[in-house]
Amino acid sequence: MKIAVQLPEKIFGLETVLLKIFVLPIFLLLLFLISFFKVVLPKFDQIASLKRETNEVTRKKTLVEKKRDYLLTVNEEELQKKADFLAKALLQQKDAYTLVGVVRKIAAKYGFYIQSFLVSPGEMSGDENKKKELEVSKIPIAFVLTGPKEKYLDLMMGIERSLPVLAVDSFDMSSAVSQVELNLRVSSYYIEEKKEFNIVEVDLLDLMLSAKEEEMLSTLSSFDFVGREILPNQQEKDFVEYGREDPFNL
Amino acid sequence: MNSELNLLPSQAKFQAKIINLKKKVTTFLWGVTGFWLLVLGVTFAVWLFFRLNLNREKDNYTKTLAQYKSLSDNAFVSEKLKYRAKLVAKMLDERFEYGESIKKAQSFFSEKIKVEGFELLNVGDFEISGVVAGVEGIDEVEEKIEKIAEGRLEGFAFAKMKSLSFANNAWEFNMELKLE
């Protein structure tokens, strides 16, 4: 059943027929405006966001590619050799007596002996640049060494050309006729390794040795290794108690 | 006589205007709608392009990351090596090499000059006392001090004659020498 709407001839002074012509254009105009604000503008924002996200993913991909390409060029055996060698440049155990043992061996080579040594418990400290993966401890010990006067310089050179790398923090010498007494404060470093390692976040520069570091490795290769070898996967033996029965109560 | 005869009544004229206007409005609407559909189509196409591009980049990134993670052992050893190398390099840079510096200070003079006393005042700062017979020997000492003052001797920062005396046909001197 059709419902006929009877409109007046004029509305607000304008011919109704004319007004009817503009109904559709006005309706379409509203539709265009709504679709512009609801569809087109949000799509522009999404496009901008997609572009940003794509750039970010491309950037990350490039970084990972560089790291991957570098690791593909690395000779595994050579890398492990360098790592094992450099492990010798630091103390193998976080133990002051390891350092004492090292200094004792070096001193003995030049006819010196350790008269006394002092470890200050509060001074074995962690490095302020502690990293999540690797914890660093500095181990300083004060030594008094006695030995032949003509060999003291060789001893000092020996300390400075040994592995693990030792730093003489202070030096004081008093000499008699043929003997000399050296008061040295010697320190070395120990790194405790942790197992967590964020392979994705690590920077490429943290994987590559610089030219200066390669040169340093080459210099260190001329040093004498004095520390105790710790083989990989070497485990401390468990303490074994040997039981003995009381012979008086047999 | 009027040459133009107005045969259409005013109402008919009005109807003709309405029809004309309708045609124009319809043409305009088609044009605008067509343009608008084009805009929507292009917008959607661009959006789709960037969407597909992103998905492709993500796939490539995932593949590359998987390849990189397969080298995690090497990465771990490399990172460990680098950190240790940095630490050892820092140790070597920061440590003062007493042995080297004493050797350098002791080799300051030639064999003409007999070094009798040698003391480390501070890090890199030495007091040297010696004896030399003859003018050439003391000239050498003074010449070296002068060269250091002028910055012409590498490795030495400062030198100063603290005392000089002549006794028993020999010059006795005491000087301070600072290394760089």
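Coordinate-derived values only; no laboratory data. Everything quoted here is computed from the prediction, not taken from an experiment. Positions of Cβ are generated from backbone atoms using ideal geometry, with glycine treated the same way; all protein chains shown enter the neighbour counts.
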Mind checking A:53-64 for the average number of partner chain beta-carbons within 10 Å of each residue's beta-carbon? 5
Farthest towards the positive end of the dipole of the range B:82-137, among B:Val115, B:Ile128, B:Ala85 and with Cβ unit charges of +1 on Lys and Arg and -1 on Asp and Glu, lies the Cα of B:Ala85
If the cut-off is a Cα-Cα distance under 18 Å, which lysines reach B:Lys23, setting aside same-chain residues fewer than 8 apart in sequence? A:Lys20, B:Lys13
Most packed first (mean Cβ within 10 Å per residue), the peptides A:15-27, A:100-112 order as A:100-112, A:15-27
At a 10 angstrom cut-off on C-beta neighbours, averaged per residue, how do the peptides B:16-23, B:113-120 rank from highest to lowest? B:113-120, B:16-23
Could you go through the range B:76-87 in sequence order and give the Karplus-derived ³J(HN,Hα) for each residue, using 6.51 cos²θ - 1.76 cosθ + 1.60 with θ = phi - 60°, rounded to whole Hz, and x for Gly and Pro? 4, 5, 4, 5, 5, 4, 4, 5, 5, 4, 4, 5
Add -39500 (n - 2.57) for each DSSP H run of 4 or more in chain B, then divide by its residues: what number comes out at 222 nm, to the nearest 500 deg cm²/dmol? -21000 deg cm²/dmol
Regarding the range B:98-179, what are the three Cα extents along the principal axes, ordered largest first, in Å? 34, 24, 21
Entries in A:Lys67/B:Lys80; A:Lys82/A:Lys109; B:Lys58/B:Lys82; B:Lys114/B:Lys178; A:Lys149/B:Lys144; A:Lys67/A:Lys138 that, when Cα-Cα distance is taken, lie over 22 Å: A:Lys82/A:Lys109; B:Lys58/B:Lys82; A:Lys149/B:Lys144; A:Lys67/A:Lys138
Charges only on Cβ, +1 for Lys and Arg, -1 for Asp and Glu: so what's the dipole of the protein assembly as shown about the Cα centre, in debye to the nearest 20? 4440 debye
Within the set A:Lys66/A:Lys212; A:Lys88/B:Lys86; A:Lys81/B:Lys103; A:Lys88/B:Lys90, which residue pairs have Cα atoms separated by over 23 Å? A:Lys81/B:Lys103
I want to check the label-to-label distance for A:Gln46 and B:Glu94. Put each point 7 Å from Cα in the C-beta direction and report it in nm to one decimal. 5.6 nm
Expressed as a whole number, the average count of other chain Cβ atoms within 10 Å around the Cβ atoms of B:53-62 is 5
Rounded to a whole number, the mean other protein chain Cβ count within 10 angstrom for residues of B:97-106 is 5
